[in-house]
Amino acid sequence: MKKNIIVVLIINFSVITVAHAQQQLNQHQNSFSKSSVSGSLNGKVIDAQTGVALAEANVFIHDINIGAKTENDGSYKTASVPGGTYLVEVSFVGYKSVSENININGATTHDFKLEENYTEASEVVVTGVSKATQIKRNPVPVISVGHDYLMSNLSTNAIDAIAKLPGIRGVTTGPNVSKPFIRGLGFNRILTLYDGVRQEGQQWGDEHGIEVDQYSIQKVEVIKGPASLSYGSDALAGVVNLIPVQAAPEGKIIGDIVADYQTNNKYLGGSSMLSGTRNGFEWMGRISHKQATNYTDKVDGRVFGTSFNETDANAVIGVHRKWGFSTLNFVLFDDQQEIPDGSRDSATRKFTRQITEDDTLREIVSNEDLKSYKIENLHQRVQHYRLFWNNSFFLNNGSRITANIGYQRSIRREFSHPVLFTIPGLYLQLNSYSYDIKYYPKEIKNWSVTTGITGMYQDNDVTHGTEFVIPSYHQFDFGPFALIKRTFGKIDIAGGIRYDIRSFKNFQLYSNSNPVTGFDQVVTGADTVGATKVFPNYSKTFSGMSGSAGFTYNANDNFSFKANVARGFRAPNISEISANGVHPGTNIYQLGNQNFKPEFSLQEDIGFVYTAKHVSASISLFNNDIQNFIYNQKLVNPDGTDLILVPGNQTFQFQAAKAHLYGGEAVLDIHPIKELHFENSFSVVYGDNKGVPGKTLNPDARYLPFIPPAHGLSEIRFDVNSKTGHFINGFIKAQVEYYAPQNRAYLEFGTETPTPGYTLFNAGIGGTFTNKNKKSVLSLYIMGNNLFDVAYQDHLNRLKYFVWQTASGYTVPSPNGGFGIYNMGRNISLKIDVPLNFNSK
């Protein structure tokens, strides 16, 4: 009864506030041109010491997505800006970024003076906050990296690009399939956003990657923990916001052409983009492609089944006016992805391919096929289409409404039949309709408030394949929330509350054998008589409260202290509840559990940050207790042997227990001179399985699965800039990555195995060449990972468990006595980036 009252109150509060905002919008929409105060921001950006103008500096207002670039004399001017107070960020390579709150009322002039940068400055973030906020003033643990970081580090997908950051890791199934992990938690506990819109594909699959073009990403913001109340269920462990390149400044046409080659798997990648803005009308188009053959390591040689071929495109049109802005975005993702199965020939130890349906006889893969870009008949094809409409309306009283509507269609086909290879085994078609409506009242005495409603409707159709691991289902999400932020001198406080409802219904499914192909097919009506009932009808509504509260104390310009406590909520996903079948590409027969309750977490964070001219340091610690933690466990027979329901596949079933995770990250950057950077980070997370009350916990099950080992990274970098020549933003760097042994594995029934530690050495060199007018004409990067070609298995590498086995099913050891597939060996990359910059006429 109490819960129902709370739900009604919160829903009524959010509906009333949004309705009130809509009423104001209706009352004033015809009078914007008469009474809305608008203007622009203009001025100069100069060197604080010398007064020299800084050309091509970036001036950006995040809350309204308007930016400008400085001219040769350092001057800039934005497009039309609705009147109000905004956090304006100014950045220029080699200088400390500046962010200031500026009141824009008519034509407003403001100059910025930038200081040469010794230590990295606190950036501005927009994810999970009521308005754009400096990281150092945000009590929520968050990390941000920009375009320079993404370009100067070697990766093959958008998630791998951030997997070295402290507290962030990736679960991988080959070089092009990676899912983010934050502080030991991943899968459906992390919500991935693209430009603030939730990414919806088949996230329940371990080997299902994130359907995003890595070349389109300009910036990544990561929230560590459940403090992101704007997004609801699936953000229990945090949020990864992949922010694409923003539109060109007013009066400009900008773009780039990127070419990328990597030696290990003969990776070929390229992307081209062009964007323009004139008189408030903006447009952008990008097309990208990448392909690779099988990667190699010194134990396995070329790993059969790791090729991929991906094509991406996106387009944006929009308009900025004094009433706000509106943009329409279309994104296409099309990936053909092979997944290895680990099968070898017992005599030669060479990889084999499946050539018959019963898989009793295999063919050895030739060296030519291992080196070929051709995608095998047995592969996955993922097509993802995204259309979203972002709107922001400014009201006369200084308040604002944003309304973001999205549609996504995910088509996943997993081809698992070697003879009739055009018939997909798993065939999933997911349609997602999302909405995100927020109301930002005018600030009163520096109180910043946001109320809103976000949610989603989904339908997933699984009936057109021959293998059924999950049923077809409908899902409806609804969540009202409120956020608040206030600054009291040196203290910033922030918090919020949210209530989520997820209504879930899956549909019964009957199957029998198709008389022509022999494969299973869905049957309905009278044909269900005598057929196999794979899934029953099932419906359930999950609900829960989440919230956070925290503060930051900025003692002075050098030192700050943060503390935050947050409660998270996550409803079980379709696989955890209803799975019942073989999942192609995983070697697993998966079983769900319909008795699950939602997960609830309680996480406490504290952090210390110190920044001076020659040194910066930070420590972030967390403690996280989770109720009803859902994890996957291998099943065994009473005699201890593996329970095999389908030959060639291990049987797993989801379980639930109490869990405790704790750990933290430490960062120390030393800059004895401006050009020299010695950057160090260390992160560790421990995950303990607390079991179920009343049941004795097997000692082999005392740790949680998929907990990354302690990770350290040290990088020494020397920056090079020619004062008189034509080379800027140059660097040469060497990097050492250390991964400790992970002996705290979930050992029960052989679900996991310990992983030895290892150390990798990486290096890189790069920079930008300019013309006589000091304009950038080409950036060149040469980078190498694992330069000593170390043979290693990452603890979060799923291929570690794709054991060497013969066609008859016998497991055989690798040449070094181990099992499973190893990570990629030495890889060297050559990347060229040609910027485009024109005045629009």
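What trypsin sites (Lys or Arg not before Pro) does the range 648-702 have in DSSP loop regions with at most 10 other beta carbons within 10 Å? Write down the numbers at each step before the final one.
On the way: sites: 658, 674, 690, 695, 702; in loops: 674, 695, 702.
Of the trypsin sites (Lys or Arg not before Pro), the ones in loops of the range 648-702 whose Cβ has at most 10 other Cβ atoms within 10 Å are 695.
Any idea what the dipole of the range 478-593 comes to, in debye rounded to 20, about its Cα centre with Lys/Arg Cβ at +1 and Asp/Glu Cβ at -1?
Values: 11 positive and 6 negative charges, 114 e Å.
Approximately 540 debye in magnitude.
Please report, in debye to the nearest 20, how large the charge dipole of the chain is about its Cα centre when each Lys and Arg carries +1 at its beta carbon and each Asp and Glu carries -1 there. Let's see the in-between values first.
Values: 75 positive and 75 negative charges, 429 e Å.
Charge dipole of the chain: 2060 debye, to the nearest 20.
Which entries in the list 505/634; 136/540; 113/438; 374/800; 290/674 go over 31 Å, if you measure between the two C-alpha atoms of each?
Values: 505/634 27 Å; 136/540 42 Å; 113/438 35 Å; 374/800 25 Å; 290/674 37 Å.
Check vs 31 Å cut-off fails for 136/540; 113/438; 290/674.
Taking the Cα centre of the range 226-351 as the origin, how large is its charge dipole in debye, to the nearest 20, when only Lys and Arg (+1) and Asp and Glu (-1) carry charge on their Cβ atoms? Provide the component values of the computation, followed by the final result.
Numbers: 12 positive and 14 negative charges, 61 e Å.
Computed charge dipole of the range 226-351: roughly 300 debye.
Let me test this: with uniform point scatterers at the alpha carbons of the range 90-148, what is the Debye-based log₁₀ I(q)/I(0) at q = 0.12, 0.14 1/Å?
Summing over Cα pairs of the range 90-148 leads to -0.36, -0.49.
Mind listing the Cα extents of the range 42-165 along all three principal axes, in Å, largest one first?
43, 34, 24
Classify the range 351-494 as rounded, prolate or oblate from the Cα gyration tensor: take a ≥ b ≥ c as the square roots of its eigenvalues, call it rounded if a/c is under 1.5, otherwise prolate when a/b beats b/c and oblate if not. Walk me through the numbers on the way to the answer.
Details: a/c = 3.81, a/b = 2.73, b/c = 1.40.
Verdict is prolate for the range 351-494.
From the residues 81, 671, 760, which one has its Cα farthest along the dipole of the chain in the positive direction, the dipole being from +1 and -1 charges on Cβ of Lys/Arg and Asp/Glu about the Cα centre?
Value computed over the given set: 81.
Please figure out what share of the DSSP beta bridges in the chain is antiparallel and state it in percent, rounded to the nearest 5. Numbers along the way, then the final one.
On the way: 331 of 348 bridges.
Antiparallel: roughly 95 percent of the beta bridges in the chain.
Tell me the carbon and sulfur percent of the accessible area for the chain, rounded to whole percent, probe radius 1.4 Å.
58
Which percent of Cα pairs goes in each bin when the distances of the range 506-648 are cut into 5 angstrom slices starting at zero?
Calculated P(r), rounded to whole percents: 2, 7, 11, 11, 12, 11, 10, 8, 7, 6, 5, 4, 3, 2, 1, 0.
Name the residue farthest towards the positive end of the dipole of the chain from the options 534, 433, 614, assuming +1 on Cβ of Lys and Arg, -1 on Cβ of Asp and Glu, about the Cα centre.
614
Round to the nearest 10 and report in Å² the accessible area of residue 273, as given by a 1.4 Å probe over the protein chains' heavy atoms.
Solvent-accessible area, nearest 10 Å²: 10 Å².
Distance from the Cα centre of the range 405-455 to that of the range 746-790, in angstrom?
Distance between centres, Cα-based: 31 Å.
Quick check of the Kirkwood formula: for the range 152-275, what is the inverse mean of 1/r over all pairs of different Cα atoms, in Å? Could you put the intermediate results ahead of the total?
Working: mean 1/r = 0.0646 Å⁻¹.
Roughly 15.5 Å, rounded to one decimal.
Specify which residue in the list 384, 283, 323 is farthest towards the positive end of the charge dipole of the range 255-392, using unit charges on the beta carbon of Lys, Arg (+1) and Asp, Glu (-1), about the Cα centre.
Value: 323.
Please give the direction-averaged projected area of the C-alpha convex hull for the range 678-782, in square nanometres with one decimal. Can you show the working numbers first?
Working: hull surface 39.2 nm².
The Cα convex hull of the range 678-782, projected and averaged over all directions, gives 9.8 nm².
Please give me, ordered by residue number, the trypsin sites (Lys or Arg not before Pro) of the range 559-624 that lie in loop per DSSP and have at most 14 other Cβ atoms within 10 Å. Can you show the working numbers first?
On the way: sites: 562, 567, 570, 613; in loops: 613.
When the trypsin sites (Lys or Arg not before Pro) of the range 559-624 are filtered for loop state and at most 14 Cβ neighbours within 10 Å, 613 remain.
Could you pull the Cα extents of the range 319-431 along its three principal axes, largest to smallest, in whole Å?
Extents along the principal axes: 78, 25, 18 Å.
Tell me, what ³J(HN,Hα) does each residue in the range 589-606 have, in order and in whole Hz, if you take phi through Karplus 6.51 cos²θ - 1.76 cosθ + 1.60 with θ = phi - 60° and put x for Gly and Pro?
For the range 589-606, the Karplus-derived couplings read 8, 9, 10, x, 8, 7, 9, 5, 9, x, 7, 10, 10, 10, 10, 10, 10, 9 Hz, x marking Gly and Pro.
For the range 551-594, what number results from the quotient of the Cα radius of gyration and 2.2 N^0.38 Å?
Details: Rg = 21.9 Å, N = 44, 2.2 N^0.38 = 9.3 Å.
Taking the Cα Rg and dividing by 2.2 N^0.38 Å, one obtains 2.36.
What's the local net charge at residue 289, with K and R +1, D and E -1, over the other residues with C-beta under 9 Å away? Working shown, then result.
On the way: positive: 290; negative: 310, 312.
So the environment of residue 289 carries a net charge of -1.
Tell me the trypsin sites (Lys or Arg not before Pro) within the range 718-769 that lie in a loop according to DSSP and have at most 10 other beta-carbon atoms within 10 Å. Intermediate results must be reported in sequence, preceding the final value.
Working: sites: 723, 733, 744; in loops: 723, 744.
Listed in order of number, the matching sites are 723.
What percent of all Cα-Cα pairs in the chain falls into each 10 Å bin, going from 0 up to the bin containing the maximum distance?
Final binned percentages: 2, 12, 23, 26, 21, 11, 4, 1, 0.
What does the charge add up to near residue 53, with Lys and Arg as +1, Asp and Glu as -1, over the other residues with Cβ less than 10 Å from its Cβ?
On the way: positive: 44; negative: 47, 71, 73.
With Lys, Arg at +1 and Asp, Glu at -1, the neighbours total -2.
At 1.4 Å probe size, with every protein chain present, just tell me what the per residue accessible area of the range 211-284 comes to in Å².
Numbers: 1800 Å² over 74 residues.
For the range 211-284, the per-residue accessible area is 24 Å².
Once both labels are modelled 7 Å past Cα along the beta-carbon direction, what's the residue 561-residue 643 spacing in nm?
For the pair residue 561/residue 643, the computed spacing is 5.1 nm.
If one takes the longest principal axis of the Cα atoms in the chain, at what angle in degrees, from 0 to 90 and to the nearest 10, does the Cα axis of helix 2-28 lie?
40
With the alpha-carbon atoms as the only input, what is the per residue convex hull volume for the range 196-331 in Å³?
Values: hull volume 19.4 nm³, N = 136.
Dividing the Cα hull volume of the range 196-331 by its residue count gives 142 Å³.
Mind jotting down the distance between the C-alpha centroids of the range 249-311 and the range 691-705, whole Å?
45
Ignoring ligands, DNA and RNA, what accessible area per residue does the range 374-455 give at 1.4 Å, in Å²?
Working: 3200 Å² over 82 residues.
Per residue, the range 374-455 has 39 Å² of solvent-accessible surface.
The values are calculated or read from the model by the stated rules, or taken from the named source; none is laboratory data. For clarity, every value in this text was computed on a predicted model and none was experimentally measured. So basically every Cβ, Gly included, is an ideal-geometry build from the backbone, and we count neighbours across all protein chains shown. Remember, those area values only see protein heavy atoms, side chains included, never the ligands or the DNA or RNA. Shrake-Rupley method; radii C 1.70, N 1.55, O 1.52, S 1.80 Å.
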